[in-house]
Every structure is written in C-alpha cells, then in structure tokens.
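Participant: Encoded as structure tokens, here's the structure I'll be asking about.
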Amino acid sequence: MSNEWPLWEVFIRGQHGLSHRHVGSLHASDAEHALQNARDVYTRRKEGVSIWVVPAADITASAPEDKGSLYDPADDKVYRHPTFFDIPDDVGAM
Amino acid sequence: MYAQMITSEATPDDPDKLAAFQARIDAGERIEPKDWMPAGYRKTLIRQIGQHAHSEIVGQLPEGNWITRAPSLERKAILLAKVQDEAGHGLYLYCAAETLGVSRDELTEMLLDGRMKYSSIFSYPTLTWADMGAVGWLVDGAAIMNQVPLQRTSFGPYARAMVRICKEESFHQRQGFDIMMKMANGTPEQHRMAQDALNRFWYPSLMMFGPSDSESVHSEQSMRWKIKMNSNDELRQKFVDQTVPQAEYLGLTVPDSDLTWNDNKGGYDFTGPDWSEFFEVLKGNGPCGTERIEARQKAWDDGAWVREARLAHAAKKRAAKVAAE
C-alpha cells in the first residue's frame, strides 16, 4: 500500500456572495490537513473568504469525447436565448 | 410573488450573536450555509425558498397543459423548452433550501399535505392558447420584478440561484409577449382571445405580489434580514407602470375602468385585486387548487419505482465493482 498522501482539489470563494472556484490541487493526509495546506498554498495573498477541499478521487468528470452528445443538442434550440424574439424597443426592457 | 405571505419569526437567540449577524447583513455580506444564523432566519428562508421552488414546479402544469396543442411545431418546441426551464428553476431552488438542513422529500411532502404553499397564480386555469402569451408576459413579468432584486438577497445559495434564474427568465417573458403580439395583431377572433387572456390574468397577476404592505405583518423582519428586498405595494406599482404601456402597445385594454395616470406620484392609480379571493386560492381553494396537488401527488407516487430502481441499480453496480476488486 502506498504511503503517499491522497490528492485534494481546492476551491476558493473569492468574495462574499460568489461561488467557490477551483484553484488547483494539493496532497494532504486528511481533510483538516488539506484545509491547512490549502490556506498556505492558495491564499497567501488573501485570495478568498472561504476554502473547500474535496478528495480528488471523489470527483466524477465528463469525458471530452462526450462533448457532442452532451452539448450539440442545444445547437438547434436558439429560441432558449431571449434575443431570438423580436420585441420592439417601444415596449421597454423585457 | 412566487413566495407569498411568508411568516417570518424572530427567535430567542444569543443577543450578541444576533447583533453580529445583523451587522454582517447590514455590511452587505452574504450568509452561507455553514455560517451561524438565527433559527428564525433559517426557518423563514426554508419556507420562502421552498414555496418559491414549489411554485416553479407547480407552475409547469398550467403551461404543460398546452404543449400538445401548440399551434405550430416551433411554438411547441419553445413551450417545451420553457417548461423545462421551470423544472430547472425548481431544482436550483430546492437545492438552495436543502443547504439549510431540510430534505427534498420533506419539502415535497409538505407541499403535498398542504403545510407548504405555492404561488396563488398557478391555481388559475389556462383555457386558450392566448393564455400561454399572457402567462409569459404577465406572470413571468411579475416574477422577474421580484426576482431581480432577490439576486442581492443575504443568503448566498438563494442569491446565486436567482442569478441563474433571472438570466433564463428573460426568454420566458419575451416568448410570452411574442405570442401576445401575434394574437393581438391577428384575426378579430385571435385579438378577442388575447383580450380575454389579459382580462382573466390581470388581477391574479397583481395578487402575485402579496397583500398590501399595511397587512403584510411579517415584512419588516424579512426586510431587515434582506430576504425580502422590496415591499409588496412597491413592486406591484412598478409592475403596473411597466405593463400598462405594453398593453396599450398591443391594442389591448387593462380590465380596470379606474386605471388613471397620476402625475403627482409618477405612476398609475389602479384597482387592487379581490383579497378575499387571494386568501381562498392560497388555502388551496382556487379554481385548479385540487387538480394541481393531485397532479403533483400522482407524479410523486408514479415516480416512486423510478427512485427505488435507480438506487437498487446503483447498489448492484457498487457490489459488482467490489466483487471485481
């Protein structure tokens, strides 16, 4: 069994009200340790107001080759965008 | 609005903590799920976001009613996309409510057994195709009026859900107005249908903002907590001022003979809705009140085997993976 610390993904909330954003990853022995390391590695210049750490092994990602089946169906549904409808300017903001 | 008559309660919390909490809100900071918050803030928000979510979900029903009867394939695809958006909005909001410690199943059960409400507007029937126009134009228009300021509400997950929702909501209102333009400028019969839809949806739309400020007992606490950003009357006035010129543009008449422009206040004087009707509808006694909850109950019951089957399949896959290792 490997003695290497597991990998963690780090997410930082840059400002109050914003979503956390992925900033990078690091190794740590457990969640608390990962938070401490994240603080040292990613927020030395007060980059954020909140940190999330998630075990990298727990992240499930979509595969790049699935791009077509995931996103192409939206191509012929331009009506989902408000600009699809011609609304006269006199009517005001809508 | 999509959340009406939300009871807001003050709770016996540590005064120092309460003061610090209020100071954070006053400073424009966002409250996040793991932060300390007064029990009343949590409870009120669960009620408000939950009711908002229920409204999005129940709101699919009156429009879903016309998907199979849309007048063209294009209109059908557009309506389908809109109803799909409403489902998405419900999901964003349920998730925001769940960060406060309530479960999805609990929220659903509270809707079904009447402990939680949905917006009064969705208890009204959609009788003709013109109603699809009126709903997009008026109902989504009124919703936008309320939801835009809620993007700045104090609870982070709610505010962020609102940002996503508002981005998508503009499509909804514009597709509604587009239908109204077609109908109002169509044959005399189509024009008559457009006018009839406006007649039926006008007052229920005004009700969406909730009772008058003088009767809205819980507003003050919610406004201090910034989970309600504007008063009911303020938003209703704004809605009327924006909508009346749009009706004029369509060549339609707002069904209010007392509607007049008031130069002093820079807005319209108008007749308020019948509030006794509103309270009845909110209690579930609206024209489609029973039907709406029955439809939700049926979806919940009919979907039970799907929820179970997914879990059983996931357990089976997990077991197979363990066996292979």
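Participant: Taking the Cα centre of the protein assembly as shown as origin, sum charge times position over the Cβ atoms of Lys and Arg (+1) and Asp and Glu (-1), and report the length of that vector in debye to the nearest 20. Present the calculation step by step, with values, prior to reporting the outcome.
Facilitator: Details: 47 positive and 60 negative charges, 209 e Å.
The dipole magnitude comes to about 1000 debye.
Participant: Could you check the spin-label model distance between B:ALA23 and A:THR60? Points 7 Å from the Cα along Cα→Cβ, value in nm.
Facilitator: Distance between the two pseudo-spin positions: 4.5 nm.
Participant: Give me a comma-separated list of calculated 3J(HN,Hα) values for the stretch A:3-12, in order, Karplus coefficients 6.51, -1.76, 1.60 applied at θ = phi - 60°, integers in Hz, x for any Gly or Pro.
Facilitator: Values, residue by residue: 9, 6, 5, x, 8, 10, 9, 10, 10, 10 Hz.
Participant: Just to confirm the filter: which trypsin sites (Lys or Arg not before Pro) across the stretch A:3-84 are DSSP coil and have at most 12 other Cβ within 10 angstrom of their Cβ?
Facilitator: On the way: sites: A:ARG13, A:ARG21, A:ARG39, A:ARG44, A:ARG45, A:LYS46, A:LYS67, A:LYS77, A:ARG80; in loops: A:ARG44, A:ARG45, A:LYS46, A:LYS77.
Listed in order of number, the matching sites are A:ARG44, A:ARG45, A:LYS46.
Participant: Non-local amide H neighbours of B:PHE155 (under 5 Å, H modeled in plane, Pro and chain starts lacking H): which ones?
Facilitator: So B:PHE155 has HN proximity to B:ILE31.
Participant: Further question: Tell me which residues come under 5 Å, amide H to amide H, from A:SER50 once H is placed; ignore anything under 5 positions away on its chain.
Facilitator: A:ARG13
Participant: Same structure, new question: Return the calculated 222 nm mean residue ellipticity for chain B, to the nearest 500 deg cm²/dmol, obtained by summing -39500 (n - 2.57) across DSSP H runs with n ≥ 4 and dividing by the residue count. Provide the component values of the computation, followed by the final result.
Facilitator: Working: 14 runs with 203 residues, N = 325.
Helix-only estimate at 222 nm: -20500 deg cm²/dmol.
Participant: Tell me which of A:ALA63, A:ALA38, A:ALA74 sits at the most positive position along the dipole axis of the stretch A:7-84, charges placed on C-beta atoms (Lys, Arg +1; Asp, Glu -1).
Facilitator: Checking the options against the dipole of the stretch A:7-84, the answer is A:ALA38.
Participant: Still on this structure, I have one more. By average Cβ neighbour count within 10 Å, what is the ranking of B:126-133, B:276-283, B:16-23 from highest down? Walk me through the numbers before you get to the answer.
Facilitator: Working: B:126-133: 22.5, B:276-283: 16.2, B:16-23: 13.0.
Listed from highest to lowest mean packing, they are B:126-133, B:276-283, B:16-23.
Participant: Under a plain spin-label model, where a point goes 7 Å from the Cα along Cα-to-Cβ, how far apart in nm are B:LEU80 and B:ASN65?
Facilitator: It works out to 2.1 nm between the two label points.
Participant: Taking 22 Å as R0, compute the FRET efficiency from the Cβ-Cβ separation of B:GLU234 and B:ASP269 and round it to 0.05. Don't skip to the end; give the middle numbers.
Facilitator: Details: r = 15 Å, r/R0 = 0.69.
E(calc), rounded to 0.05, equals 0.90.
Participant: Give me a comma-separated list of calculated 3J(HN,Hα) values for the stretch B:170-180, in order, Karplus coefficients 6.51, -1.76, 1.60 applied at θ = phi - 60°, integers in Hz, x for any Gly or Pro.
Facilitator: Per-residue couplings from phi come out as 4, 4, 5, 5, 5, 5, x, 5, 4, 5, 4 Hz.
Participant: Let me ask something else about it. Can you give me the distance in nm between label points at B:GLU106 and B:ASP13, each placed 7 Å from the Cα along the Cα-to-Cβ direction?
Facilitator: That separation, rounded to one decimal, is 1.7 nm.
Participant: Follow-up question, since we're still on this one. Can you work out the Karplus-derived ³J(HN,Hα) for every residue in the stretch B:145-151? Use 6.51 cos²θ - 1.76 cosθ + 1.60 with θ = phi - 60°, whole Hz, and x for glycine or proline.
Facilitator: 4, 7, 7, 4, x, 5, 4
Participant: Okay, next question. Pull out a ≥ b ≥ c, the square roots of the eigenvalues of the alpha-carbon gyration tensor of the protein assembly as shown, then state rounded if a/c is under 1.5, prolate if not and a/b is larger than b/c, and oblate in the remaining case.
Facilitator: Values: a/c = 1.89, a/b = 1.48, b/c = 1.28.
Prolate is the answer for the protein assembly as shown, as a/c is 1.5 or above and a/b outweighs b/c.
Participant: Under a 5 Å amide H to amide H cut-off, with H placed in plane at 1.01 Å, what residues pair with B:GLY267 once short-range neighbours are removed?
Facilitator: B:ASN262
Participant: Given a cut-off of under 8 Å on Cα pairs at least six residues apart, what relative contact order in percent is computed for chain B?
Facilitator: Relative contact order for chain B comes out at 21 percent.
We did not get these values from a lab; they are worked out from the coordinates using the rules stated. Every value quoted in this text rests on a predicted model; they were computed, and no experiment measured them. Neighbour counts are summed over all protein chains in view; Cβ atoms, including those assigned to glycine, are modelled from backbone coordinates with ideal geometry.
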